[in-house]
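**Q** For reference, the structure I am asking about is given below.
The values are calculated or read from the model by the stated rules, or taken from the named source; none is laboratory data. Since the structure is predicted, the reported quantities are computational estimates derived from the model, not experimental observations. Cβ placement follows ideal geometry from the backbone for every residue including glycine, while neighbour counts extend to all protein chains displayed. We work out accessible area using only protein heavy atoms, side chains counted, and drop any ligands, DNA or RNA first. Shrake-Rupley method; radii C 1.70, N 1.55, O 1.52, S 1.80 Å.
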Amino acid sequence: MNARTEPQVLGQLSNAHLDALEEEAIFILREVAAAFERPTLLFSGGKDSLVLLKCAEKAFMDSTRGGKIPYPLLMIDTGHNFHEVTDFRDYRAKQLGADLIVRSVEDSMARGTVRLAHPGESRNVHQSVTLLEAIDEFRFDALIGGARRDEEKARAKERIFSHRDAFGQWQPKDQRPELWTLFNTRLQPDEHFRVFPISNWTELDVWQYIEREKIELPSLYYAHQRQVVERKGLLVPVTELTPLKAGETAIEKTVRFRTVGDITCTCPVDSTAATAGEIVLETLSADVSERGATRMDDKTSDASMEKRKKEGYF
């Protein structure tokens, strides 16, 4: 997905709209802090959660007077995450002095609440179980996430304040109106909200913001050499968790990850972009969404994401 990298193209691209998007995100983050008793911010160490964390830093922390993000960070770890991402997650949380809670799918497997169909099955979908267990453990009433409407059709249906019932399920046909940025935050016992402050952002907005704010990211987001194999139109990284199949041959390519998640279902793309500015230019020419280009788990059916969200997925 290589694109032109003439510097004048980047110089002509306006980012004036980022101020309005940032202002909206900060407003929502503060609204959550005011309206709920036990909120948490979902933090994976990926680019969207790092952008969200930057907005939270601006919302609650002052360079002269200090301050602290008023809710903990929560990560659901499949045990199959890229170490570059989890290491960066720990580094950024420590840098901000934020409280970090990590709950593992492997612990759910040990309890018997998660059972894999076979040892090689991706654990990604099973994060829903571990997430709901964490919600029950800490009695969270609002979970702030970095999902965006442009990512996938099911995400495009969701409100910014997305209601979940007592079973953690999402009902697409039973959502609350959000006219004039007024949010109905009333809850019945055991219900909660998923809140998406950057819901109205696009992948391009995210990268423009990263470039403008000089946000640090895990190295996987930038061009690097990696052994991959092509399967079903995707470049699958060759790892211990995703080994070569019979008859396959690995090739070394210059790639980067547009999104990062469980190793077993996340794929890189062809790219030589080594800076946020170069990725902005690549994103301008991209004709496939980041999940469509990189996620094996979204290719099982057109409704796979919606089905998972109804069961409690992020």
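**Q** If eta is 1.306 mPa s and T is 10 °C, what Stokes-Einstein diffusion coefficient results for region 21-67, Kirkwood Rh from Cα pairs, in µm²/s? Intermediate values should be presented prior to the final figure.
**A** Working: Rh = 11.3 Å.
Here the translational diffusion coefficient equals 140 µm²/s.
**Q** Sketch the reach of a paramagnetic label on L13 as a point 7 Å from Cα along Cα-to-Cβ, and name the residues of region 201-218 whose backbone nitrogen lies under 11 Å away.
**A** 203-212
**Q** Write out the trypsin sites (Lys or Arg not before Pro) in region 173-250 meeting two conditions: DSSP loop, and at most 10 other Cβ atoms within 10 Å of their Cβ.
**A** Details: sites: K173, R186, R194, R212, K214, R226, R231, K232, K245; in loops: K173, R186, K214, K232, K245.
Qualifying residues, ordered by number: K173, R186, K214, K232, K245.
**Q** With runs of 4+ DSSP H residues as the only contributors, calculate the mean residue ellipticity of the chain at 222 nm using -39,500 (n - 2.57) per run, divided by the residue total and rounded to the nearest 500. Each step should come with its number before you reach the end.
**A** Working: 11 runs with 108 residues, N = 314.
Per the formula, -10000 deg cm²/dmol.
**Q** If you count only protein heavy atoms and use a 1.4 Å probe, how large is the accessible surface of V229, to the nearest 10 Å²?
**A** 10 Å²
**Q** Leaving ligands, DNA and RNA out of it, rank D19, D270 by accessible area with a 1.4 Å probe, largest first. Write down the numbers at each step before the final one.
**A** Values: D19 85, D270 60 Å².
Descending accessible area places them as D19, D270.
**Q** Compute the FRET efficiency between A110 and A246 as 1/(1 + (r/R0)^6), taking r as their Cβ-Cβ distance and R0 = 41 Å, and round to the nearest 0.05. Mind showing how you got there, number by number?
**A** On the way: r = 33 Å, r/R0 = 0.79.
E between A110 and A246, to the nearest 0.05, is 0.80.
**Q** Over the chain, what is the relative contact order in percent, taking alpha-carbon pairs closer than 8 angstrom and at least six residues apart? Intermediate values should be presented prior to the final figure.
**A** Working: 524 pairs, mean separation 68.5, N = 314.
Normalised by residue count, the contact order of the chain is 22 percent.
**Q** Tell me, what are the semi-axes, in whole angstrom and largest first, of the equivalent ellipsoid of the chain as set by the roots of 5 times the Cα gyration tensor eigenvalues? If you can, show how the numbers build up before the last one.
**A** Values: eigenvalues 171, 133, 68 Å².
Each semi-axis is the square root of five times an eigenvalue, giving 29, 26, 18 Å.
**Q** Among K47/K94; K153/K232; K173/K214; K47/K232; K157/K214, which pairs are too far apart, with a Cα-Cα distance over 28 Å? Write out the running numbers ahead of the final one.
**A** Values: K47/K94 17 Å; K153/K232 21 Å; K173/K214 39 Å; K47/K232 26 Å; K157/K214 31 Å.
With Cα atoms farther than 28 Å apart: K173/K214; K157/K214.
**Q** How high is the relative contact order of region 213-275? Use alpha-carbon pairs under 8 Å, at least six apart in sequence, and give a whole percent. If you can, show how the numbers build up before the last one.
**A** Numbers: 98 pairs, mean separation 23.9, N = 63.
Averaging sequence separation for qualifying contacts and normalising by length gives 38 percent for region 213-275.
**Q** Loop only by DSSP, 16 or fewer other Cβ within 10 Å of the Cβ. Give me the trypsin sites (Lys or Arg not before Pro) in region 30-107 that pass, ordered by residue number. Intermediate results must be reported in sequence, preceding the final value.
**A** On the way: sites: R30, K47, K54, K58, R65, K68, R89, R92, K94, R103; in loops: R65, K68.
Those satisfying the criteria are R65, K68.
**Q** Of all alpha-carbon pairs in region 146-203, indicate the percentage at a distance above 13 angstrom.
**A** Details: 1002 of 1653 pairs.
Across region 146-203, Cα pairs with separations above 13 Å total 61 percent.
**Q** Hey, any idea what % of region 1-158's accessible area is carbon plus sulfur with a 1.4 Å probe? Please report the intermediate quantities before stating the final value.
**A** Values: 3700 of 7490 Å².
After summing per-atom areas, the C and S share lands at 49 percent.
**Q** Further question: Quick one: Cα centre-to-centre distance for region 40-62 and region 132-190, in angstrom?
**A** 18 Å
**Q** Counting only protein chains, not ligands or nucleic acids, how are T86, T202 ordered by accessible area (probe 1.4 Å), most first?
**A** T202, T86
**Q** Please work out how much accessible surface F196 shows to a 1.4 Å probe, ignoring ligands, DNA and RNA, in Å² rounded to 10.
**A** Here the residue's solvent-accessible area equals roughly 10 Å².
**Q** Return the percentage of antiparallel bridges among DSSP beta bridges fully within the chain, rounded to the nearest 5 %. Working shown, then result.
**A** On the way: 18 of 31 bridges.
Roughly 60 percent of the DSSP beta bridges within the chain come out antiparallel.
**Q** Moving on to the next point. So, for the chain, what is the accessible surface per residue at a probe of 1.4 Å, expressed in square angstrom? Provide the component values of the computation, followed by the final result.
**A** Details: 14780 Å² over 314 residues.
Averaged over the residues of the chain, the accessible area is 47 Å².
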